Amino acid sequence: MTGSSTSATRERIPVRVLGGPTALFEYGGLRFLTDPTFDAPGEYPVPGGRLTKTAPSAAAPDDLGRIDVVLLSHDKHPDNLDDSGRALLAGVPLTLTTPGGGERLGGGAKGLADWEQVELDRPGGGTVTVTGVPAVHGPGAREEVEPITGQVVGFVLTGEGLPTVYVSGDNASLDAVEQIAGRFGPVDTAILFAGAPRFDILFDGALIVLDSAQAAEAARILGARRVVPVHCDSWAHFTEGRDELVAAFTAAGLADRLDLDRPA
C-alpha cells in the first residue's frame, strides 16, 4: 500500500530542519511544516511543571514563504505548538492533527483518526494522500498513556510517482511503527521524532518519545532509506542529541541512512 515508484524511491525530498520538532519539506509541489515552534528560548509552563527551551528556531515564520499544510502531531504541549506556531496556523489553509486537536483548533484544522486519509490537490494535477497513523506519547498501551499525555498522530504521505514519507510525531511505540511498516514499508524518508525525552514525574521516568537506539530500530523496521531526525535539540528535556543518534545508527549498521545535513 505505497505510492512509490522505483524511480521515485531514489528521490530525496528537500527537508529543512528548524529546531525542536519543526521541519519544512516539499512534497508533490506542496510545502509542509511539522509541529510549528518559533517562540524564544525560556521557561514554558505545563501542567505539573515547566519546559525549558534552550535555543531559538533557525528561522522565523515570516522567513518560510508559503506553507500549504501543517502536520501537527498534537496541540497540547508548547514544545510541539507554541504561541508563534498558533499564530502561523491562521494563515495556513490546512492543519492536519489529532481528532481532538481538530476540534480545539477549529478554522482550517482537520483531525485524522488512525488510517484516515485526506487527498490534497497537487499543483499541475494529481493528488497527495496523507494518512493519519498511530502514535503513542509514552510507554505502554495507548489507553493508559493518552489520559496523561494526550492524543498524538503521525502521518504517511504517498502519491503517484512520489516517494513514501513518514512523519512520526511524538511516538514512543515500536509496535505502532511495526503497524505502519506493514501497510507502507519500505519508507523512502522517515522524519523521526527522537531525543529520548523523559520526566521523573511521568511514567516513572520512562521514555515518552523514541530514544536514539529505538529510532535506529524504527528505521530498520520501516526499511527507511533515509532518516531525518527532529525533536532532539533546543529543549532541556530532550536527553539525547546528535552524538547519540550517530552512535546508535552506527551500532545498528545504519549510519548511511542517517541524514544530519540540516540546512537553515
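The values are calculated or read from the model by the stated rules, or taken from the named source; none is laboratory data. Fair warning: this is a prediction, and the values are worked out from it, not measured in the lab. Here Cβ is always computed from backbone atoms with ideal geometry, including for glycine, and neighbour counts include all displayed protein chains.
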Practice item. For residues that are touching a residue at least 60 places away in the same chain (Cβ under 8 Å), more than 25 Å from A40 (Cα to Cα) and either hydrophobic (A, V, I, L, M, F, W, C) or crowded, with 24+ Cβ neighbours inside 10 Å (or both), tally how many sit in region 207-262. Key: 1
Exercise for review: Return the total of residues in region 19-75 being in a helix (DSSP H, G or I) and of a type outside the set (D, E, K, R).
Suggested key: 1
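Would you point out the residue of region 87-102, among those that are touching a residue at least 40 places away in the same chain (Cβ under 8 Å) and not hydrophobic (A, V, I, L, M, F, W, C), that is nearest to P21 (Cα to Cα)?
Among them, the one singled out is T97.
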Practice item. Looking for whichever is surrounded by fewer than 22 Cβ atoms within 10 Å (Cβ to Cβ), out of contact with any His (no Cβ under 9 Å at 6 or more places or on another chain) and over 23 Å from P134 (Cα atoms) here; the options are A87, A109. Which one fits? Key: A87
Review point. If a residue has to be modelled with pLDDT under 95 and buried (at least 17 other Cβ atoms within 10 Å of the Cβ) to count, how many in region 140-168 make the cut?
Key: 5
Exercise for review: Return yes when D188 is under 24 Å from A236 (Cα atoms), of a type in the set (D, E) and touching a residue at least 40 places away in the same chain (Cβ under 8 Å) and no when it is not.
Suggested key: no
Revision key, fill the gap. Checking T6, T52 in turn, the sole residue that is among the polar types (S, T, N, Q) and either within 26 Å of D188 (Cα to Cα) or modelled with pLDDT of 95 or more (or both) turns out to be T6
Exercise for review: Might you check whether a residue that is touching a helix residue (DSSP H, G or I) at 6+ places or on another chain (Cβ under 7 Å), in contact (Cβ under 8 Å) with a residue 60 or more places away in the chain and either of a type outside the set (G, A, S) or crowded, with 21+ Cβ neighbours inside 10 Å (or both) occurs anywhere in region 73-83?
Suggested key: yes
**Study point:** Test: R12 is of a type in the set (K, R), more than 16 Å from the chain's Cα centre (by Cα), more than 21 Å from N171 (Cα to Cα) and part of a loop (DSSP other than H, G, I, E, B)
**Key:** yes
